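One structure is given below, encoded as structure tokens.
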Amino acid sequence: MKVLVTGGAGFIGTNFVQRTRQTRPDWELTVVDALTYAGSLENLAPVADQIEFVHGNIADGDLVDRLVANADAVVHFAAESHNDNSLDDPWPFMESNIIGTFRLLEAARKHNVRIHHISTDEVYGDLELDDPSRFTEQTPLNPSSPYSASKASADLLVRAWIRSFGLQATLSNCSNNYGPYQHVEKFIPRQITGILQGIKPKLYGKGANVRDWIHVDDHNDAVVTILEKGRVGETYLIGADGEQDNRQIVALLLELMGKPADWFDLVSDRPGHDMRYAIDSSKLRAETGWSPQYQDIRAGLTQTIQWYRDHESWWAPAKERTEQTYLRLGR
Ligand code: NAD
Ligand code: DAU
């Protein structure tokens, strides 16, 4: 199978490409990536001779048409992905996440190619801390930030192309990923690399917000499972029952990295900060048999900390730039 992977030089895409080279060695992979600040060709060096790489923007309709015409399936990761950036400058999110997805849908329609659209639980808005419910495939879209609104917009386009044109598409909405190659702007790598540099973790607001953590390999295995066993036209929620508030995550990182439990700062909150995400992934589990392999976040974070310890040259240049941005934003 010839698979076009968009955004394959970013965090989840890199892990997807490296992992599927192991688990699906017969797949021919082409990666298209604009190599924004969040993507790096260095990430794909371990598999460089086993894939084709195209440096390009998915908002470029002609390029996308040529690439999709030559594929059997598309796995669409490419997006601007960071909420704080979307609050600072929303436009790149509109271009990559909405227009880019539109270009892919049009090409997939024209060439009758299967496409899997990667989305996020953030399209459903947030839950109260004491709400016993979790997001399901039936939860109405109610995004809060420019990032999540752009992802919800893309989801609606995919659904419309399925219904109106019979597009051979599936969607998945996953919770917060952690693991190797995640950009240092994101919560867990920001704190790990900060601690390694002697900087205290920074918790937004009171640190009470809850995220539903999943290891990136579990997310990517679910994506492969949906490609192979999912029903065309359907949406699947991906989650690993990993709810933790931000204080709990920082406490665990401090313990695992040998620092005192009170060694953190509370900083100003993110505007419109979603309180809690929680995924009910029963549909995916029941229909496909997928289940997460990383049941223990302590083990997953231990592995992730070790990866950042071993890859300082990978993250150090981005760390400096990222912290300058956070300084300007007051977070
Ligand atoms: P990331 O920011 O680490 O990587 C995104 C990649 O897309 C980068 O390599 C970037 O260069 C590329 N890209 C951006 N705009 C592009 C464009 N216009 N054309 C071509 N390439 C472009 O993001 P990530 O965390 O790996 O997220 C990947 C996908 O998964 C996104 O769609 C995101 O919404 C979704 N998602 C992420 C999480 C998470 O926790 N990180 C959870 C659920 C869903
Ligand atoms: O839920 C899926 C989403 O998870 C994905 O769609 C996004 O692409 C991904 O970035 C992530 O979004 P979040 O906004 O939840 O992730 P982030 O890593 O930015 O923040 C996680 C939580 O930690 C959130 O409550 C904000 C908080 N935070 C973040 C940073 C960077 C802090 O308290 N301190 C920080 O320094």
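Observations on the structure shown:
- Any chance Y326 is crowded, with 19+ Cβ neighbours inside 10 Å, within 21 Å of the chain's Cα centre (by Cα) and either over 30 Å from A71 (Cα atoms) or touching a residue at least 60 places away in the same chain (Cβ under 8 Å) (or both): no
- Among residues of the stretch 251-279, those that are in contact with a helix residue (DSSP H, G or I) (Cβ under 6 Å, 6 or more places away or on another chain) and of a type in the set (V, I, T), counted: 1
- A108 meets all of the listed conditions (1) within 17 Å of the chain's Cα centre (by Cα); (2) buried (at least 22 other Cβ atoms within 10 Å of the Cβ); (3) small (G, A, S) but one, namely (1).
- Residue selected from the stretch 143-168 under the condition outside any helix (DSSP H, G or I) and within 19 Å of the chain's Cα centre (by Cα), by the criterion farthest from ligand 1 (Cβ to nearest atom): S144
- Exclusive hit being of a type in the set (K, R), buried (at least 18 other Cβ atoms within 10 Å of the Cβ) and within 20 Å of V210 (Cβ to Cβ), set R331, R276, R270, R298: R276
- Identification of helices (runs of 4 or more DSSP H) wholly contained in the stretch 37-124 with 1 or more residues that are more than 16 Å from ligand 2 (Cβ to nearest atom) yields 61-69, 100-111.
Residue-wise test of (1) closer than 30 Å to A149 by Cβ; (2) at pLDDT 95 or above; (3) part of a helix (DSSP H, G or I).
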site: L253; (1), (2), (3): no, yes, yes
site: K259; (1), (2), (3): no, yes, no
site: D262; (1), (2), (3): no, yes, no
site: S291; (1), (2), (3): no, yes, no
site: A299; (1), (2), (3): no, yes, yes
site: Q303; (1), (2), (3): no, yes, yes
site: Q306; (1), (2), (3): no, yes, yes
site: S313; (1), (2), (3): no, yes, yes
site: R331; (1), (2), (3): yes, no, no
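- Within the stretch 15-30, the residues that satisfy the criterion of being more than 20 Å from the chain's Cα centre (by Cα) and within 23 Å of V64 (Cα to Cα) are W27, E28.
- Answer residue from the stretch 208-245, given it is touching a Pro at 6+ places or on another chain (Cβ under 9 Å) and more than 19 Å from G13 (Cβ to Cβ) and is farthest from ligand 1 (Cβ to nearest atom) among those: D241
- Any chance V123 is in contact with an Asp or Glu (Cβ under 8 Å, 6 or more places away or on another chain), at pLDDT 95 or above and aliphatic (A, V, I, L, M): yes
The values are calculated or read from the model by the stated rules, or taken from the named source; none is laboratory data. Predicted, not measured: the structure shown is a model, and the values here were computed from it. Counting neighbours? That spans all protein chains shown, and the Cβs are built from the backbone with ideal geometry, glycine included.
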